[in-house]
Amino acid sequence: METVTAVWAVLAAAVAVIYWFVWVMGAAEIKGKRAVELKMGSITRDKVQDKYKQYWSFFRRPKETASDSTNVPAFVDTFYNLVTDIYEWGWGQSFHFSPSIPGLSHRDATRVHEERAADLIRARPGLKVLDVGCGVGGPMRAIAAHSRANIVGITINEYQVARARAHNRKAGLDSICDVVCGNFLSMPFADSSFDAAYSIEATCHAPKLEDVYHEIYRVLKPGALYVSYEWVTTPLFHADNEEHVDIIQGIERGDALPGLRSHDEIADIAKSVGFEVLDEKDLAKPPAGPWWTRLKMGKIAYWRNHLLVSALTMLRIAPKGVVEVHEMLYETAGHLTRGGETGIFTPMHMILCRKPGTTSAGDSP
Ligand SMILES: C=C(CC[C@@H](C)[C@H]1CC[C@H]2C3=CC[C@H]4[C@H](C)[C@@H](O)CC[C@]4(C)[C@H]3CC[C@]12C)C(C)C
Ligand SMILES: C[S@@+](CC[C@H](N)C(=O)[O-])C[C@H]1O[C@@H](n2cnc3c(N)ncnc32)[C@H](O)[C@@H]1O
């Protein structure tokens, strides 16, 4: 009898160990980050909690300084130091949403959404394409592999540059993918130096959309195409509805956004900097499958992750402050899900633009 119990105990322990490695730690094989490797970007271990407090102070600023947007890039940089590793570990190398597609994994649905952007700007071999707000380069690698175009990404966050470059090398795409650290409101690139550009869920961090669109317009060659997936409120949002306002403010606080824009502002802003608008639509609208189910279906996973980050912090493997950041993200996931379910918010309002003029790149198929 004791032997049977012992065998069962050994079997149960083996299953637990396999579960731990396959589900908890093993995710790193696909996503590139293990729970035990959670750092907080370029922030030193002892400064994480202070930086987290500093992040929140942005939302408590007095009214007089709220209109001063010069500190936004620094606040966004702090945010990405805090969240980049958790995003990579818990979501993957592409820091954006995508419509769910029946029969396809999240990974494949993500790739389809990224390839759609590449096809819209007609990315192809020999073109030099700009990725505005590139994160750790998930979209860049998918688009480079799909189109064989040369991609240059820009991100404000130094830590992401290092991560993106390491991933590019590992994927064997470093000969056609490059990443620079810089502010997309004032880019270190010459006028008319790119054949095409895209931005995926990144320009929402700009205090004024016209500033980043103006920069993109400047660095594009005449005739070049630009596509963006924008975070916006939809026509279903009502500013006099308390629940709506609560959801939108929750999204802004948990995602380092200086203020969400309305869907009907985007095309006017693009036109105001000189672009022709070729197409505009909410890619989340049916028949597209809901983008928020991936967030919602993970409740059990969130609790497992919460226990894991708490344990790693207690063991001093992860720095103090990771639990707070993880809790903030958990709350944000709730607000994003409500935004999707109510239909008042979309993270994929697509706008396709063209810089007027003629070029060999943008015009030919
Ligand atoms: C475009 C932006 C980021 C969009 C998404 C990639 C991220 C938004 C919310 C993030 C997450 C929320 C919950 C986390 C969870 C608690 C944790 O256990 C694992 C990671 C999360 C799933 C995390 C992953 C990335 C997001 C979905 C913004 C910033 C403009
Ligand atoms: C949500 S992530 C999306 C990253 C990438 N597009 C993707 O889908 O994986 C937003 C990105 O925009 C970048 N970003 C935000 N503000 C920026 C700024 N002022 N200049 C340059 N990059 C910025 C962030 O550093 C981050 O890489």
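Remarks
- Helix 322-342 vs. the chain, principal-axis angle (Cα, 0 to 90°, nearest 10): 60 degrees
- Cα centroid of the stretch 173-248 to Cα centroid of the stretch 252-283, whole Å: 8 Å
- Amide H to amide H distances under 5 Å link G153 with D131, D178, V179, V180, where only residues 5 or more positions off or on other chains count and H is placed in the peptide plane.
- Listed residues A206, A117, A145, most fluctuating in the chain (Gaussian network, C-alpha, under 10 Å): A145
- Shape of the stretch 72-130, Cα gyration tensor, a/c cut at 1.5: oblate
- For the stretch 109-237: rounded, prolate or oblate by the Cα gyration tensor [a/c cutoff 1.5]: rounded
- Between the helical axis of 48-57 and the longest alpha-carbon principal axis of the chain there is an angle of about 50 degrees.
- Relative contact order %, the chain, counting alpha carbon pairs below 8 Å whose residues are six or more apart: 20 percent
- For the chain, the longest principal axis of the C-alpha atoms and the axis of helix 299-314 are separated by about 70°.
Each reported figure results from applying straightforward, stated rules to the coordinates on display, with no laboratory input. Bear in mind that the values here come from a model prediction, so they are computed numbers and not experimental data.
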